[in-house]
Amino acid sequence: MQNSSNDVDVALINSNTTASNIGQSGEMLQQVLPFAFIRGEAVVEKPQDLFIPPDALEIILESFEGPLDLLLYLIKKQKFDILDLPIAPITTQYMTYVELMKDVKLELAAEYLVMAAILAEIKSRLLLPKQQVEEDEEDPRAELVRRLQEYEIIKKAAQNIDELPRIDRDITLAQASFSSSFVAKAQEADVDLADLVNALQGVLKRTQAFEHHHIAKETLSTRQRMSEILSSLSKLKDDHFLKFECLFDVSEGRHGVVVTFLALLELLKEQLVECQQVQTFGQIHVRLKGADDRYDQ
Amino acid sequence: MTVMISNKHVEQLIEAALFSSSKPLSVRILKEKLLFQYEVSTSQIKQSLEEIEKHYKKRGVNLVEVASGFQFQIKAEHNDDVALLSEEKPQKYSRALLETMALIAYKQPITRGEIEDVRGVAVSSHIIKTLIERDWVKIVGHKEVPGRPSMYATTKEFLDYFSLKSLEQLPELLPMEESSIANSVMQDIMSTNE
Amino acid sequence: MTVMISNKHVEQLIEAALFSSSKPLSVRILKEKLLFQYEVSTSQIKQSLEEIEKHYKKRGVNLVEVASGFQFQIKAEHNDDVALLSEEKPQKYSRALLETMALIAYKQPITRGEIEDVRGVAVSSHIIKTLIERDWVKIVGHKEVPGRPSMYATTKEFLDYFSLKSLEQLPELLPMEESSIANSVMQDIMSTNE
């Protein structure tokens, strides 16, 4: 599991692990573990109270998640006494930072200053004679302690979450692939009939081509029949001709016959088919225009 | 110092490794990067792979050897079904495709050249191909003009898709033209036959 | 029109689908997106999942249920070995991100202002953006206070990432009594006020 305590670039070492000072003699000694590095130089001392060495300010600010985090640290590790705040030195020290902070992260520093101000306020109220504190007024330290507690709970929860097994670190997904030759059939887009009509109207607006070809139900049924006739004629091979009457389906009734005939006339007009009648009143044959030529080639 | 390990353990490790990897794994990689801490021979790895392959024959995925090693693949017969899951929502058809489709529907049989004449721009082969693959359009013949271009018409599937019984049910765009020569000729013929 | 299909076939299809998917699959998704063409009931799907789970107990991977469905995972005990094959280093998350995420997870729905109150520092937009982009956090509404700030909550994907079925499975919050400063200090405060 990861140690989530700090994610900044500086190395922060827990106070308990700080080793003894470098020994005098040549014997192998444990090296002093620096608290942080500032511009390459090790800072061995960590903050003993709210005072932060000016050079370390930026790093300290980045190493803690905020003033609550720093205060929590000081209370836990340094036995910083929240009940008897050493306010005077703290205030002086924090005020000197204001100048320094102009060059640093003023926004972040502001949050620490607010905390220093809160601490100073608490201290000043504690110094007031007891009887002047209104009865229903809560001890200002209680509010601070409540915030610290609330923050500590979330800090711990964040550590717990960080330790949960998670994908990429502790859990690996099991997967299989498709064979490289497999190409999934593209799914087809939906089309609305209205899309189609709109598309055609778009074309009509742009062009004069339909001026003489109004599209009505009659022409559409004829067009469909034209496609059908062409389709059946193109299936013919050796016998290029189809008997005229074979194109008609009596069961379709009068309307069907009319449509077929219109389709045939249109196909003739567009020179897509040709009719042959060998003798007067004889059998009429229909075939694809040019079918003959094609096979002669 | 390598550790002894059971055949079953080797098999589980190889199986896990193959399922965890996005790339095929070779016997050499399995040996040198996965099992180097254990007492495992190349032949033992090969044997494990055989065991795994045999085991998965009856499952939904198969162990397959490809050029760079071994890989678990979806059983080919399930490809189409499984692919349904990962499909993204299809994109809308382009205006060019819809116009082409509309022209084929309303003016069939029609050649690509004729569609281009009306639309004023070239029709890409891709559009025609899409419409044919979708089974909405078919070639019903060839026009007897130079180049013998294909003539396109709509299919029964096209009508089915739009729940139409016939093209007649397509929306009318303009008032019916009464002066059609064909119509009047036909009316004459039919009336004389009655 | 649905097609009849054997239990074995259902099991193979589900298995193949689970191995093919990078996301967990729910029973509903399996039914509606994978098996919709077949005659398969929800209980049959659940039974197949049980069969698969049982089968894989002895293999190198396991079927695991997480918040948004089922997925195959490498057996935990093989994770370290298998990780040797992967060149990617697992990502680390900053304390700021983890604390923000913890607040959203435990105190949802929560506004940015409320997160800032607890943490005592501003929450960077970058962190919220990262959490939303990773699909771990979503906006579930707006608080009816001036400015109508967004309220954040965790997603199923957040739980999936930690292989959890529900928020209830998150570790319990530290009880107040165990807070390191809490009680003694609070008692002292109380006593000085008396």
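No lab work stands behind these numbers, since they all come straight from the coordinates. Source: prediction; values computed, not measured. Heads up, the Cβs are rebuilt from the backbone with ideal geometry, glycines too, and the neighbour counts pull from every protein chain shown.
Using a Förster distance of 56 Å, how high is the FRET efficiency between B:Asp135 and C:Asp117, based on the Cβ-Cβ distance and rounded to 0.05? E between B:Asp135 and C:Asp117, to the nearest 0.05, is 0.35.
Here segment B:7-77 is treated with +1 on each Lys and Arg Cβ and -1 on each Asp and Glu Cβ, and its dipole about the Cα centre works out to around 120 debye. Once the Cα atoms are used to define both axes, helix B:181-193 deviates from the longest principal axis of chain B by about 70 degrees.
Just to confirm the filter: which trypsin sites (Lys or Arg not before Pro) across segment C:85-118 are DSSP coil and have at most 15 other Cβ within 10 angstrom of their Cβ? Qualifying residues, ordered by number: C:Lys92.
Largest GNM mean-square fluctuation among C:Asp117, C:Asp81, C:Asp160, using chain C with Cα springs under 10 Å: C:Asp81. Listed here are the pairs A:Lys269/B:Lys143; A:Lys205/B:Lys138; C:Lys107/C:Lys156; which of them are more than 18 Å apart at the Cα? In this structure, A:Lys205/B:Lys138 lie more than 18 Å apart at Cα. When C:Val140 is represented by a point 7 angstrom out along its Cα-to-C-beta vector, the spacings to that point in the other copies are 6.0 nm, nearest first. Can you tell me the FRET efficiency between C:Phe36 and B:Val145 if r is taken as the Cβ-Cβ distance and R0 is 45 Å, rounded to the nearest 0.05? So the FRET efficiency works out to roughly 0.40.
Let me confirm one metric for peptide B:92-105, namely the mean number of other chain beta-carbon atoms within 10 Å of its residues' beta-carbons.
The mean count of partner-chain Cβ atoms within 10 Å per residue comes to 5.
Net charge around C:Tyr56, counting only other residues with Cβ within less than 15 Å of its Cβ (Lys, Arg = +1; Asp, Glu = -1)? Summing Lys and Arg as +1 and Asp and Glu as -1 gives -1. Rounded to the nearest 10 degrees, the angle from helix C:7-20 to the longest Cα principal axis of chain C is 50 degrees. Once the Cα atoms are used to define both axes, helix B:42-56 deviates from the longest principal axis of chain B by about 40 degrees. Counting from the shortest, the label point at B:Ser125, 7 Å from Cα toward Cβ, is 5.0 nm from the same position in each remaining copy.
Counting Lys and Arg as +1 and Asp and Glu as -1 over every other residue whose Cβ lies under 13 Å from the Cβ of B:Leu98, the net charge comes to 0.
Other protein chain C-beta atoms within 10 Å of residue C-beta, averaged over A:261-267: 3. For the peptide B:55-61, the mean number of other protein chain Cβ atoms found within 10 angstrom of a residue's Cβ is 6.
I'd like the chymotrypsin sites (Phe, Trp or Tyr not before Pro) in segment C:1-65 restricted to DSSP loop residues with at most 13 other Cβ atoms within 10 Å, sorted by number.
Hits after loop and neighbour filter: C:Phe36.
Full extension of the chain between B:Phe162 and B:Lys8 yields a length gain of 49.6 nm, computed as 0.36 nm times the residue separation minus the alpha carbon distance. Using the Cα gyration tensor of segment B:7-77, with a ≥ b ≥ c the square roots of its eigenvalues, what is the shape: rounded (a/c below 1.5), prolate (a/b larger than b/c) or oblate (neither)? Cα axes put segment B:7-77 in the prolate bin. Shape class of chain B from the alpha-carbon gyration tensor: prolate, with a/c at 1.5 or above and a/b greater than b/c. Given axes a ≥ b ≥ c from the Cα gyration tensor, I'd like to know whether segment C:114-179 is rounded (a/c under 1.5), prolate (a/b larger than b/c) or oblate. Because a/c hits 1.5 or more and a/b fails to exceed b/c, segment C:114-179 counts as oblate.
Summary value for chain B: 13 percent relative contact order, contacts being C-alpha pairs under 8 angstrom separated by 6+ residues.
Sequence gap at least 6, Cα distance under 8 Å: using those rules, report the relative contact order of segment C:7-77 to the nearest whole percent.
Computed over segment C:7-77, the figure is 36 percent.
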